[in-house]
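A short reminder: the numbers here are calculations on the coordinates, not readings from a lab. Bear in mind the structure is a predicted one, so any value in this text is a computation, not a measurement. Please note: Cβ atoms are built from the backbone with ideal geometry, for glycine as well, and neighbour counts cover all protein chains shown.
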Amino acid sequence: MSWRWLVAAVAALAAGICLVLLAVDVGRWNTAFARDDVRFKVQPTRSDLWKPRTLVPFHAAKRLLGVDDDLFYRQTLRHFYLAQPRANKYLHTNIDTIRSEATVALAEYIREGTSQARRSQAANLLGILGLALAATDDPGQRLRFLLFASREFRGALTFDQSNEDAKFNLELTLRLLKRQPTSTGGGAAHGPGRGGGAALAKPGHGY
Amino acid sequence: MDTLRSFLTRLRGPTIPIATTEVLAPAVRRTFLLRIALGVLLIALVVAATATGRSRAAADRGLVPGGVGGMLVLDVSRSIKPEANKTITDALQQLIDSHGRIGLVAFSDIAYELLPPGSPTSELQPLLRYFAATPPKPGPDPFLPNPWSTNFSGGTQISSGLAVAHASLARAGEPKGPILLVSDLDTAPDDVPRVALAFNQFRAEGVPFRIVAVAPRTDNLSLFKNLAGPGAFVHPVQRTSGGLGQTEGAQGGHTPWLLIALALCVLAALAVNEHWNGRLPVPRTAP
């Protein structure tokens, strides 16, 4: 009989230790979010952001807290920040590469994110990257990336119709598209405005 | 309760009535611990064997995701070094050996369709000679020329190859057909965003794609791992003795020794379990 009590005591002790370690990990995650959000503003290039050292394996604390989407969103935003959409591509040699990686990260969040509002924001940011990539001398490439940007801004509005940034950016993109020469020579670009709506509407009226 | 007890007694079979179980306590403890240890060992062995078998099955499925059909997008640009021909030959030979159907797009700075989707993979056989491993000859052009070496090997625009392959599949009524890219991944810098958009489009539309990296530079490999994901990369089965026109199966000569060893370990653990933890056989005797 005594050895059963011993086994039960050892099991209870082990469970208690696991729970204490789990509690420590939960605290570390809480600290990591608060601390690294501030760090990101100062040193966004740090690669160790939002990666606390945990004690319990298999990401138990992270799963328990359900912070996957928060983490995923922060890392996606970091990719966008590093892509420097306002930077001059001729002054930064590998900026297109970083922007390409950011487009992949943003597209991944749009596919797999759980919050509609955040997916809308990610689509808006992806469209902004499209606009950044459209800053090229090649007219074909410019048109291609402008069409891509307009598609992403529309996607942002399908996720969240109240996304004012996406509405503004879509209107801006459609204005730029109207200025693009077509293969038939002059006129509005074919593509997003073909079906009517914002591309053919006067600026500032409807989407 | 009594009914349950009598049912369990019937289920257990005949038992030896003894006055006390105290004397059996050490044996019960030992058997209990042994059962747990053997149970854990068996589970671990079965999991390991399953994982080994699964990875082998994945290798057996071949290079093209899904195993059938699709499009091969082959880089024929000048950046492909002759040293990389072995990998290309392995990939082509593995596809030929699969006796499936596939299309072929060759690309450099532009892309064109060499074989339409659904062509027998045996149609790739004539291409093997252009990628045959030959020793360099002395002179200004040490390697044998191929049809693309003079006019069709300017830059590298991987996105053009991917776009042509996807368009071909869409025309053939397979818009979600798999795509296999065989390239050194040394695409032009301005092509990187287009490649990223192509991969994004494939993922969004559910188009499976895989990459065979042919002697890539480290930075290019790292970039494409970021763009396509590390899971997109596959390696052709290396042939033990390469040779033109060789018809031996690509998997020939590869015995799954690890799987066999794990299976034997599982059998041994089961035997030990039966030997040490099995019920004590009590021969039925006539009353």
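Please compute the average number of Cβ atoms from other chains found within 10 Å of each residue's Cβ in peptide B:184-195.
Details: counts 0, 0, 0, 0, 0, 7, 7, 3, 9, 17, 7, 2.
Average per residue, whole number: 4.
Tell me the net charge near residue B:228. Cut-off is 10 Å between Cβ atoms, residue B:228 excluded, with +1 for each Lys or Arg and -1 for each Asp or Glu. Intermediate values should be presented prior to the final figure.
Numbers: positive: B:203, B:210, B:225; negative: none.
Around residue B:228, the charge tally is +3.
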- Message: Given Cβ point charges of +1 (Lys, Arg) and -1 (Asp, Glu) and nothing else, what value in debye, to the nearest 20, does the dipole of segment A:1-143 about its Cα centre take?
- Response: 360
- Of all the Cα-Cα pairs you can form in segment A:96-164, what percent are over 13 Å apart? 61
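Would you tell me the mean number of C-beta atoms belonging to other protein chains that fall within 10 Å of each C-beta in A:99-112, as a whole number?
On the way: counts 3, 13, 6, 3, 7, 10, 2, 1, 7, 3, 0, 2, 3, 0.
Mean partner shielding for this stretch: 4.
Which value, in nm² and rounded to one decimal, describes the direction-averaged projected area of the C-alpha convex hull of segment B:176-233? Walk me through the intermediate numbers first.
Working: hull surface 14.3 nm².
Mean orientational projected area (segment B:176-233, Cα hull): 3.6 nm².
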- Task: Using only the Cα atoms, work out Rg/Rh for segment A:52-100, with Rh taken as the Kirkwood radius, to two decimals.
- Result: 1.23
- Helix-only [θ] at 222 nm, chain A, -39500 (n - 2.57) per DSSP H run of 4+, per residue, nearest 500, equals -22500 deg cm²/dmol
- Task: Would you kindly work out the equivalent ellipsoid of segment A:1-152 from its C-alpha gyration tensor and give its semi-axes, the square roots of five times the eigenvalues, largest first in whole Å?
- Result: 46, 16, 11
- Once every Cα of segment A:67-191 carries one equal point scatterer and solvent is ignored, give the base-10 log of I(q)/I(0) from the Debye formula at q = 0.09, 0.10, 0.12 Å⁻¹, two decimals. -0.25, -0.31, -0.44
- Item | Where the Cα pairs of segment B:102-142 fall when distances are cut into 10 Å bins, in % | 23, 39, 27, 11, 0
- Query: To the nearest 20 debye, what charge dipole does segment A:1-65 have about its Cα centre, counting +1 at the Cβ of each Lys and Arg and -1 at the Cβ of each Asp and Glu?
  - Reply: 140
- Note on the structure: With bins of 10 Å, the percent of all Cα-Cα pairs of segment A:1-65 per bin from 0 is 20, 34, 23, 13, 7, 3, 0
- Message: On C-alpha positions alone, give me the angle between the axis of helix A:68-82 and the longest principal axis of chain A, in degrees, nearest 10.
- Response: 40
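Could you work out, residue by residue across B:199-212, how many beta carbons of other chains sit within 10 Å of that residue's beta carbon, and then give the average as an integer?
Per residue, the number of nearby Cβ atoms from other chains is 2 on average.
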- Query: Going toward the positive end of the dipole of segment A:67-191, with +1 on Lys and Arg Cβ and -1 on Asp and Glu Cβ, which of A:77, A:105, A:87 do you reach last?
  - Reply: A:87
- Task: Can you tell me the 0 to 90 degree angle between the C-alpha axis of helix A:164-179 and the longest principal axis of chain A, rounded to 10?
- Result: 30
- Placing one equal point scatterer on each C-alpha of segment B:66-232 and summing with Debye, one gets log10 I(q)/I(0) at q = 0.08 Å⁻¹ equal to -0.22
